[in-house]
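Let me begin by presenting the structure, written as structure tokens, before commenting on it.
Read the figures in this text as sums done on the coordinates, not as results from a lab. Model, not experiment: these values are computed from the prediction. Virtual Cβ from ideal backbone geometry, glycine too; neighbours counted across all protein chains shown.
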Amino acid sequence: MSKLLFILLASIAQIPLSSQSYTSYYTGNSQNINVNGQGGICLMGGATEDDEAMKWFLRRANGGDVLVLRASGSDGYNDYMYSDLGIAVNSVETIVFNDASAAYNAYVKQKINRAEAIWFAGGDQWDYVTYFRNTPVDSIIRQRKLNNAIAIGGTSAGMAIQGQAYFSAQNGTIYSEEALANPYHASLTVDTALFMQNNYLQNTITDTHFDDPDRKGRLSVFLARMLTDYSMDARAIACDEYTAVCIDEAGIASVYGGWPTYDDNAYFVQINCENADQYPEICTPGSALTWNRNNAALKVYAIQGTSSGERTFDLNTWLNGNGGEWQNWFVQNGVFQETEASAPECLPLLLQNDRNDLVIQLANNQLTVRSSIPLIQIEVLRLNGHVLLSEKLQETKIAHLKLETISNELVFIKITDINGKSSVKKYVVFE
């Protein structure tokens, strides 16, 4: 055999005939057990995990199986979750996606279906969007979350993909200075395409590594884009590094961190509901953002996280907090500013609503409401509580009402039926 032929054959022998779309690392009992998970969401800001928050997450698995999904790295979580923290679980398995086809693999789908808790590691969130969105990964997870069957958690990029809106990083990262100078910078990719869809994170974007570097400016731009482009009642949850927000099945968010030894913060940010006009004054391509609104465009509840997680914020109302302080955030000509503030004085968010039979149409200031149950009253209120309309009805299932002229505004529509039961819907009024 010639030397050249030998080298060629040796090279061919090193090329795999088929590539595995994923790599699995398994620790613990290989026999699956069926237990009822407790649901919940754990959001970590990046850097080293907060041990107490991770214990909270593992307890939500209720002794069952924990699955770690990632697009890079290896088995760094396995021993940490299985034995180092002292919380008993049946197993910890890490599946590293080598390419997008892994999302369709039968073994991967089975593991997602059987897990009681799923953790998304850090990395590049665009990898996660590319590998997971519009695949069995996100659809199975969404289905299982409907009944609180699994707990969901993630750090860094794994946190960044959990909101209804998310910074996809399709064109790389972006810094506050760049975002404030041009809200439509090519790297500012705020996406709202169907993805994870977590309870209590509707209309919400999450941001991580919040203190390194300072990301308050870019988060303000994210929210401005959510409102301007998508007419979302935009909100955000942001975590410093080493800080975590754990949301239980009742919508109460507990903040974990190292305060008072370390300045570890979480921020709950919302559009200021006290402002009649909530839209940015300037949010256009190539121009610096101005979102001032009398130095109070955004209302923020800031909490320093502790090892016990006793400081909380209620995501049902976005008004009630414990152990934090209120701030105003605003932007003038591309310069971010913040001040101390008081709590917003407006109606609670009222996310929970068990009336699915209501049909509401609002066009040209004409309101039409259809219901399967006769209605006795309809009220329309601004977010600051001002009543735009209050109309008593004669037990009708169809109501046509004329509103005063309003435009580009978020309003509450409160509907009371013949049984005295009231439901509240949010609605965006356009020009």
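Okay, helix-only estimate at 222 nm for the chain: each DSSP H run of n ≥ 4 adds -39500 (n - 2.57), divide by all residues, round to 500 deg cm²/dmol; what do you get?
-4500 deg cm²/dmol
Taking the Cα centre of the stretch 121-247 as reference, the dipole from Cβ charges on Lys and Arg (+1) and Asp and Glu (-1) amounts to some 560 debye. For the stretch 96-241, a Kirkwood radius taken over Cα pairs fed into Stokes-Einstein (4 °C, viscosity 1.567 mPa s) yields D = 83 µm²/s. Using Cβ point charges alone (K and R +1, D and E -1), the dipole size of the chain about the Cα centre works out to roughly 1500 debye. Inter-label distance, ASN113 to ASN364: 5.2 nm, where each label sits 7 Å from its Cα along the C-beta direction. If you take the Cα centroid of the stretch 312-326 and the Cα centroid of the stretch 409-424, the two points sit 24 Å apart.
Treat the count of other C-beta atoms within 10 Å as a stand-in for reagent exposure and order TYR77, TYR230, TYR200 from fewest to most.
On the way: TYR77 23, TYR230 16, TYR200 20.
Fewest to most other Cβ atoms nearby, the residues stand as TYR230, TYR200, TYR77.
Against the set (1) 65, 26, 22; (2) 42, 26, 23; (3) 30, 29, 20, the structure's computed semi-axes √(5λ) of the Cα gyration tensor in Å falls on (2).
Which of rounded, prolate or oblate describes the stretch 240-369 when judged by the alpha-carbon gyration tensor and an a/c cut-off of 1.5? In terms of gyration-tensor shape, oblate.
Summing Lys and Arg as +1 and Asp and Glu as -1 over all other residues whose Cβ lies under 13 Å from the Cβ of ASN147 gives a net charge of +1. Full extension of the chain between TYR262 and ASN29 gives 80.1 nm of extra length, using 0.36 nm per residue less the Cα-Cα distance.
Summing charges over neighbours of GLN202, with a neighbour being any other residue whose Cβ is under 9 Å away from its Cβ, gives 0 when K and R count +1 and D and E count -1. Extension gain for the segment ALA88 to ASP229, taken as residue separation times 0.36 nm less the Cα-Cα distance, is 46.2 nm to one decimal.
Modelled spin labels at THR173 and GLN394, positioned 7 Å past Cα toward Cβ, are 6.5 nm from each other.
Among VAL137, VAL96, VAL369, the residue with the largest mean-square fluctuation in a Gaussian network model of the chain, with springs joining Cα atoms closer than 10 Å, is VAL369.
Net length available on complete extension from TYR104 to GLN143 is 12.4 nm, with 0.36 nm assigned per residue and the Cα-Cα distance removed.
Which residues does a label at SER287 reach in the stretch 210-234, if reach means a backbone N under 19 Å from a point 7 Å past the Cα toward the Cβ? Output list for this probe position: 220-231. Using a simple spin-label model with pseudo-atoms 7 Å out from Cα toward Cβ, ASN294 and ASN36 lie 4.9 nm apart.
For the chain, with the dipole built from +1 on Lys and Arg beta-carbon atoms and -1 on Asp and Glu ones, taken about the Cα centre, which of SER21, VAL331, TYR267 lies farthest toward the positive end? Farthest towards the positive end: SER21. In terms of its C-alpha gyration tensor, the stretch 159-244 has an oblate overall shape, because the principal axis ratio a/c (a ≥ b ≥ c, square roots of the eigenvalues) is not below 1.5 and a/b does not outweigh b/c.
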